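Here's the structure we're looking at; comments come further down.
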Amino acid sequence: MKLSVLGIAILLMTGPVVVADELDDTYQGLQDAVTKKDVPQVKKLAVPLFDLSRKVITAPEPTSAIEKEDWPNRVKYAKEAEGYAEYALFATGVQADAATMVDLLGLLEQQSPKSKYLDQGYEPYLAALHSAGKDEAVPAIVEKALVNFPNNPDLLLVAANNAQIKKQADRAIALANRLVAAAGSRTKPETVSAADWEAKKRIWLGRGYWISGVLNGEKNLYALANKSLRAALPYIKGEPALMGPALFHLGVANYQLGTMTNNKKQVLEGAAFSEQSAAIAGPFQELAGRNSQAMKEAAAKMR
């Protein structure tokens, strides 16, 4: 057995030598399993490594001078091992099939719910849950995860969508606004290409602005709807299912705002947005067409 320098230091201590030896063996075994992509062995060794690491980390500071001198090194080594156990589950999970990913990332979530790897792992984890036919588990997982990662755009997107589906308008709007803020402040990971990152941000921003805008429109909060939906338009081009409702609510919002301020130009903008919505097949098509005509007639009577 080849031990690291820190591992040897631990074995020389007069403290819990058995735990130290087992920790080092388990750590080395897990590294070997990750290298070999041995999923069963990774799963078998990760949990014991968490347990052994935490025994060292949470142990009281020794009182003897000799043990006390090396105690910081022991804790540092144990924290390194604990971090590797997190990495092992994440790295092995994201390279595996959906069922295995759900298994390993779910285990990581149980063992270390605040792990930095989960912050970047929730997107593939949620996709794997869908692929594995476990959509019913997603809402609860997302709500729990948001406690630890309140600014994670992937989690906020799912939570906002769920709230909208459940007709929880105020909650959906709040989550959508948080999504927009999070998308704007998120830093690109080194492992993600610039093109892929921009594509992800477009989705986050487009959905965030769209949910906020549509729901504010349904609540007759026209200024808020107008602002959010105008911001959404560049991000949702080519998505008729989103563009139809967005243009419909933009039409209504601008017509109402224009009428309130006697702004003929804005009323005509409302008519134009409604006409664009009417050109898109969907549930808003017919009503948008009627709205466009009525708005044009109203604008013709304005000075």
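The values are calculated or read from the model by the stated rules, or taken from the named source; none is laboratory data. Please read these numbers as outputs of a predicted model, since none were measured by experiment. Neighbour counts are summed over all protein chains in view; Cβ atoms, including those assigned to glycine, are modelled from backbone coordinates with ideal geometry. Just so you know, the surface numbers come from the protein's heavy atoms only, side chains and all, with ligands and any DNA or RNA stripped out. Shrake-Rupley method; radii C 1.70, N 1.55, O 1.52, S 1.80 Å.
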Looking across the stretch 262-303 at residues that are under 20 Å from K227 (Cα atoms) and basic (K, R), the single one that is surrounded by the fewest Cβ atoms within 10 Å (Cβ to Cβ) is K265
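Regarding Y125, is this residue within 16 Å of the chain's Cα centre (by Cα) and crowded, with 21+ Cβ neighbours inside 10 Å? It would help to see each step written out before you state the result.
Working: within 16 Å of the chain's Cα centre (by Cα): yes; crowded, with 21+ Cβ neighbours inside 10 Å: yes.
Judged against the criteria, Y125 is a match.
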Any residue at all in the stretch 232-249 that's out of contact with any helix residue (DSSP H, G or I) (no Cβ under 7 Å at 6 or more places or on another chain) and surrounded by 19 or more Cβ atoms within 10 Å (Cβ to Cβ)?
yes
Whether any residue in the stretch 88-105 is more than 29 Å from S53 (Cα to Cα), aromatic (F, W, Y) and within 18 Å of the chain's Cα centre (by Cα) is what I want to check.
no
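For every residue, the table says whether it meets (1) surrounded by 13 or more Cβ atoms within 10 Å (Cβ to Cβ); (2) charged (D, E, K, R); (3) part of a helix (DSSP H, G or I).
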residue: V56; (1), (2), (3): yes, no, yes
residue: T63; (1), (2), (3): no, no, no
residue: W71; (1), (2), (3): yes, no, yes
residue: T92; (1), (2), (3): yes, no, yes
residue: E109; (1), (2), (3): yes, yes, yes
residue: P113; (1), (2), (3): yes, no, no
residue: G121; (1), (2), (3): yes, no, yes
residue: A140; (1), (2), (3): no, no, yes
residue: D154; (1), (2), (3): yes, yes, yes
Just to check your reading of the model, which residue among T191, T259 is open to solvent by 20 Å² or more (accessible area, probe 1.4 Å), free of Cβ contacts under 8 Å to residues at least 12 places away in the same chain and of a type outside the set (A, V, I, L, M, F, W, C)?
T191
Quick test of your reading of the structure: R186 fulfils all but one of (1) at pLDDT 95 or above; (2) surrounded by 12 or more Cβ atoms within 10 Å (Cβ to Cβ). Name the failing condition by number.
(1)
Could you tell me whether any residue of the stretch 206-219 is part of a loop (DSSP other than H, G, I, E, B) and surrounded by fewer than 23 Cβ atoms within 10 Å (Cβ to Cβ)?
yes
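So, A232, is that one at pLDDT 95 or above, aliphatic (A, V, I, L, M) and under 29 Å from R202 (Cβ atoms) or not?
Values: at pLDDT 95 or above: yes; aliphatic (A, V, I, L, M): yes; under 29 Å from R202 (Cβ atoms): yes.
Against the criterion (at pLDDT 95 or above, aliphatic (A, V, I, L, M) and under 29 Å from R202 (Cβ atoms)), A232 qualifies.
Quick check on the stretch 156-166. Is at least one of its residues surrounded by fewer than 16 Cβ atoms within 10 Å (Cβ to Cβ), small (G, A, S) and free of Cβ contacts under 8 Å to residues at least 24 places away in the same chain? Before the answer, list the steps.
To start, the set of residues in the stretch 156-166 that are surrounded by fewer than 16 Cβ atoms within 10 Å (Cβ to Cβ) comprises 165-166.
After this cut, where a residue has to be small (G, A, S) as well, the list is none.
No, the stretch 156-166 contains no residue that is surrounded by fewer than 16 Cβ atoms within 10 Å (Cβ to Cβ), small (G, A, S) and free of Cβ contacts under 8 Å to residues at least 24 places away in the same chain.
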Return the total of residues in the stretch 273-292 being without any contact (Cβ under 8 Å) to a residue 12 or more places away in the chain and either part of a loop (DSSP other than H, G, I, E, B) or more than 14 Å from P245 (Cα to Cα) (or both).
2
The one condition A132 fails out of (1) open to solvent by 30 Å² or more (accessible area, probe 1.4 Å); (2) of a type in the set (G, A, S); (3) in contact (Cβ under 8 Å) with a residue 40 or more places away in the chain is (3)
